[in-house]
Amino acid sequence: SQTIHQWPATLVQPVGSPLSLECTVEGTSNPNLYWYRQAAGRGLQLLFYSIGIDQISSEVPQNLSASRPQDRQFILSSKKLLLSDSGFYLCAWSSSLNTEAFFGQGTRLTVV
Amino acid sequence: DAKTTQPPSMDCAEGRAANLPCNHSTISGNEYVYWYRQIHSQGPQYIIHGLKNNETNEMASLIITEDRKSSTLILPHATLRDTAVYYCIVRVRSPLDNAGNMLTFGGGTRLMVKP
């Protein structure tokens, strides 16, 4: 069966520090991968999606970037965090044939 | 993707059916209706999806109107653990569509199941 792992679960980082959140999927190949952000009390905002290795599409301009160095690995990064980067970050995957998306448990990032 | 409209919040008594409505009046013929839910501080969970026929699984039933402009998610016997935000999404589903199966979430409906 397929599983998605996302870490860390919580993170507190100072303003101006770098960020690296990692997401890996097991049990499937060539998944579509997504990064979402959810601000407190709000819906999910799609940040990036990827249909393959090194193929990243950005949905909104921001202080973040994404990379996919391996088929089942998706990384969310920032060189310098801003206070506004605080939020709940979710990684998700879907197969190329079935479009139900499956989410990780999320990372709660607090920038202080 | 077509936009959806959902009530921001609903209450339901434990053990009763919870009926969550969703309007998607601009839905296209090849767009499916998907439902997800998100329990506090967890990742969203897929519930069910359908095109035009009513669908049922172990979690819920999905009723889609004949004109497909609206749908209702039914939790037949709501429990306290069903308290969550429920998202209705409409999007294309195609086995040839590999150009980014994006999921766009709106505000959802916050369902509160009360004892």
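Remark: spin-label model distance B:N19-A:Q55 equals 4.4 nm, labels positioned 7 Å along the Cα→Cβ axis. If you plug the beta carbon distance of A:Q73 and B:I39 into 1/(1 + (r/R0)^6) with R0 = 30 Å, you get a FRET efficiency near 0.65. The gain in end-to-end length when the B:S9 to B:M112 segment is fully stretched comes to 36.3 nm, 0.36 nm per residue minus the alpha carbon separation.
Assuming charge only on the beta carbon of Lys and Arg (+1) and of Asp and Glu (-1), the dipole of chain A about its Cα centre is about 320 debye to the nearest 20.
Relative to the Cα centre, the charge distribution of chain B, modelled as +1 at Lys and Arg Cβ and -1 at Asp and Glu Cβ, gives a dipole magnitude of about 180 debye. With R₀ fixed at 30 Å, the C-beta to C-beta distance from B:I74 to A:Q2 puts the FRET efficiency at about 0.60.
Restricting the calculation to Cα atoms, chain A shows an Rg/Rh of 0.95 when the hydrodynamic-style radius is the Kirkwood one. Amide H contacts of B:V92: B:Y32, each under 5 Å away and 5 or more positions distant or on a separate chain (H built 1.01 Å from N in the peptide plane; Pro and chain starts excluded). First measure r as the distance between the Cβ atoms of A:Q105 and A:L82, then evaluate 1/(1 + (r/R0)^6) with R0 = 25 Å and state the FRET efficiency to the nearest 0.05. Once rounded, the FRET efficiency stands at 0.55.
For the range A:1-91, the residue among A:L81, A:Q45, A:I4 whose Cα projects farthest onto the positive side of the dipole built from Cβ charges is A:L81.
Distance between the modelled labels on A:L11 and B:N30, one decimal in nanometres: 3.7 nm (7 Å Cα→Cβ projection).
With the charge dipole of chain B set up from +1 on Lys and Arg Cβ and -1 on Asp and Glu Cβ about the Cα centre, the Cα lying farthest toward the positive end among the listed residues B:M112, B:P76, B:G50 is that of B:M112.
Any read-out appearing in this document is the output of simple, stated calculations on the displayed coordinates, not a laboratory observation. This structure is a prediction, so every number in the text was calculated from the model and none was measured. Cβ: placed from backbone, ideal geometry, glycine included. Neighbour counts: every protein chain shown.
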